[in-house]
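The values are calculated or read from the model by the stated rules, or taken from the named source; none is laboratory data. Every value quoted in this text rests on a predicted model; they were computed, and no experiment measured them. All Cβ positions, glycine included, derive from the backbone under ideal geometry; neighbour counts span all protein chains shown.
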């Protein structure tokens, strides 16, 4: 489609909350393809926030009006266990990296109650976009709606595969796969991941205890297949397989 009409541009800008910054942003590769006038209008509506490592971005059951798009860093999506105050009961169901997004509710309503908690694994900057703006974009550009749906479907496939692994692989195999995944979503040089990613984060995604992660990593160091240095934690690419980033049809 061409540039937005004056009427549609006014409709989008009308959603602008007080105090939001004026900027032209990409937010996500999908939006980067929009005409400049639309990207500029969206930029007026976005709030850019910075979060420290381990800081909560969105609390479970918190009411929010935002679509969260990660500009830098890494964020994890957490489902809380029954003993909500204890870190060991947290289950990480997904990671959101640069140019990925989180929308925990329907686009049909301007706000929603978050079903999950969002926590910054690493220092992160995030664009908060009002949900009605995303809905307006999807209504105007059907390709964006289809690609967002496709991204959500791919995310659900990854989650299903992760659940199958937890039920079928040994604890040590699961830890190895998650360590390998970290080299892709939190890279720190060749075949390495950022050393600020804690064993607790790894445990919560692998479905094991921190003690199991600690024991497995010590054994890997003893065997020489894991190396720590000032840059990060090095894990050879052939140590553990991963289907992260493969198309949904891949086995």
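Could you say whether any residue in segment 132-149 is assigned to a strand (DSSP E or B), in the same structural domain as residue 67 (by TED's automatic domain parsing) and over 15 Å from the mean Cα position of the chain (by Cα)? Steps first, please.
To start, the set of residues in segment 132-149 that are assigned to a strand (DSSP E or B) comprises none.
No, segment 132-149 has no match at all.
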Any pair with Cβ under 6 angstrom, 6 or more apart, that starts in segment 137-153 at a residue that is touching a residue at least 24 places away in the same chain (Cβ under 8 Å) and on the phi > 0 side of the Ramachandran plot and ends at one that is in a helix (DSSP H, G or I) and surrounded by 12 or more Cβ atoms within 10 Å (Cβ to Cβ): none
Can you say whether residue 151 is modelled with pLDDT under 95 and surrounded by fewer than 16 Cβ atoms within 10 Å (Cβ to Cβ), as far as the supplied structure shows? yes
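Which residue out of 133, 129 is surrounded by 19 or more Cβ atoms within 10 Å (Cβ to Cβ), touching a residue at least 60 places away in the same chain (Cβ under 8 Å) and in contact with a strand residue (DSSP E or B) (Cβ under 7 Å, 6 or more places away or on another chain)?
Working: 133 fails: in contact with a strand residue (DSSP E or B) (Cβ under 7 Å, 6 or more places away or on another chain).
After applying the criteria, what remains is 129.
Tell me the residue from 201, 158 that is at pLDDT 90 or above and either in a loop (DSSP other than H, G, I, E, B) or surrounded by 15 or more Cβ atoms within 10 Å (Cβ to Cβ) (or both), please.
Values: 158 fails: at pLDDT 90 or above.
Criteria check complete, one pass: 201.
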I need a count of the residues in segment 204-251 that are modelled with pLDDT under 85, within 27 Å of residue 52 (Cβ to Cβ) and out of contact with any helix residue (DSSP H, G or I) (no Cβ under 6 Å at 6 or more places or on another chain). 1
Would you mind telling me which numbered condition in (1) touching a residue at least 24 places away in the same chain (Cβ under 8 Å); (2) in a helix (DSSP H, G or I); (3) closer than 16 Å to residue 208 by Cβ residue 92 fails? (2)
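Quick check on segment 182-198: of everything there that is buried (at least 17 other Cβ atoms within 10 Å of the Cβ) and under 20 Å from residue 223 (Cβ atoms), which residue is modelled with the lowest pLDDT? Walk me through how you get there before you give the answer.
So in segment 182-198, the residues buried (at least 17 other Cβ atoms within 10 Å of the Cβ) come out as 182-183, 185-186, 188, 191-194, 197.
Then keep just the ones that are under 20 Å from residue 223 (Cβ atoms); that gives 182-183, 191-193.
Details: 182: 96, 183: 95, 191: 88, 192: 95, 193: 97.
In this case the residue turns out to be 191.
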